[in-house]
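Enquirer: Got a structure for you, questions after.
The values are calculated or read from the model by the stated rules, or taken from the named source; none is laboratory data. Quick caveat: nothing in here was measured; it's all calculated off a predicted structure. All Cβ positions, even for glycine, are placed from backbone atoms using ideal geometry, and neighbour counts span all protein chains on display.
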Amino acid sequence: MSTGADILGYVKHNKIRFKPGKREESTRMILEFFKELERKEKEMKGFVVMNNIQDLQESIVLTFWETKEAMDAFYLPDNRALSDLVEKLKPSFEQLPERKDYQVAKFKV
């Protein structure tokens, strides 16, 4: 059965709450992380970083994957690149990011 998404099957939803005044600097760090990652992580099909307009402490980061296995492997605790980013951002977090997995039924831009 086709998911309706040819190469995009799964999404990791990361909800982040920052301490007051920490979101802008943290967003720059996240975007730099993805800039570097794009060259190395061929399994990741894309990402979106969204800053909540009403809540200045909240951001959502979505990462897009072809397979659940690739997504799960990237988010394992032994992924050094991701764990390094989280450690750098920890002082800016109000709480650790909340992560959820989704299967894509249809994706169109």
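Residues are listed down the side, and each one gets a yes or a no for (1) part of a loop (DSSP other than H, G, I, E, B); (2) among the small types (Gly, Ala, Ser); (3) at pLDDT 95 or above:
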{"position": "Gly4", "(1), (2), (3)": "yes, yes, no"}
{"position": "Leu8", "(1), (2), (3)": "yes, no, no"}
{"position": "Lys12", "(1), (2), (3)": "no, no, yes"}
{"position": "Thr27", "(1), (2), (3)": "no, no, yes"}
{"position": "Val48", "(1), (2), (3)": "no, no, yes"}
{"position": "Ile53", "(1), (2), (3)": "yes, no, yes"}
{"position": "Ile60", "(1), (2), (3)": "no, no, yes"}
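Enquirer: Can you pull out every residue in the range 14-31 that is surrounded by 15 or more Cβ atoms within 10 Å (Cβ to Cβ) and either among the polar types (S, T, N, Q) or within 11 Å of the chain's Cα centre (by Cα) (or both)?
Expert: Answer for the range 14-31, where residues must be surrounded by 15 or more Cβ atoms within 10 Å (Cβ to Cβ) and either among the polar types (S, T, N, Q) or within 11 Å of the chain's Cα centre (by Cα) (or both): Asn14, Ile16, Ser26, Thr27, Ile30.
Enquirer: Within the range 38-63, can you find the residues that are over 24 Å from Gln95 (Cα atoms) and either in contact (Cβ under 8 Å) with a residue 12 or more places away in the chain or among the basic types (Lys, Arg) (or both)?
Expert: Going residue by residue through the range 38-63, those that are over 24 Å from Gln95 (Cα atoms) are 38-46.
Arg39, Lys40, Glu41, Lys42, Glu43, Met44, Lys45, Gly46, listed by residue number.
Enquirer: Looking only at residues in the range 58-109 that are polar (S, T, N, Q), loosely packed, with under 14 Cβ neighbours inside 10 Å and closer than 20 Å to Arg17 by Cα, which one is farthest from the chain's Cα centre (by Cα)?
Expert: Taking the candidates together, the pick is Gln95.
Enquirer: Right, Lys100: touching a strand residue (DSSP E or B) at 6+ places or on another chain (Cβ under 6 Å) and not in a loop (DSSP other than H, G, I, E, B) or not?
Expert: Yes, satisfied.
Enquirer: Going by the conditions given, is Phe34 within 10 Å of the chain's Cα centre (by Cα), at negative phi, surrounded by 15 or more Cβ atoms within 10 Å (Cβ to Cβ) and not in a strand (DSSP E or B)?
Expert: Numbers: within 10 Å of the chain's Cα centre (by Cα): yes; at negative phi: yes; surrounded by 15 or more Cβ atoms within 10 Å (Cβ to Cβ): yes; not in a strand (DSSP E or B): yes.
So Phe34 fits the description; yes.
Enquirer: State all residues of the range 45-97 that are of a type in the set (Lys, Arg) and touching a strand residue (DSSP E or B) at 6+ places or on another chain (Cβ under 7 Å); if no residue qualifies, say none.
Expert: Taking the range 45-97 first, the residues of a type in the set (Lys, Arg) are 45, 68, 80, 88, 90.
Lys45, Lys68 - these are the residues of the range 45-97 that are of a type in the set (Lys, Arg) and touching a strand residue (DSSP E or B) at 6+ places or on another chain (Cβ under 7 Å).
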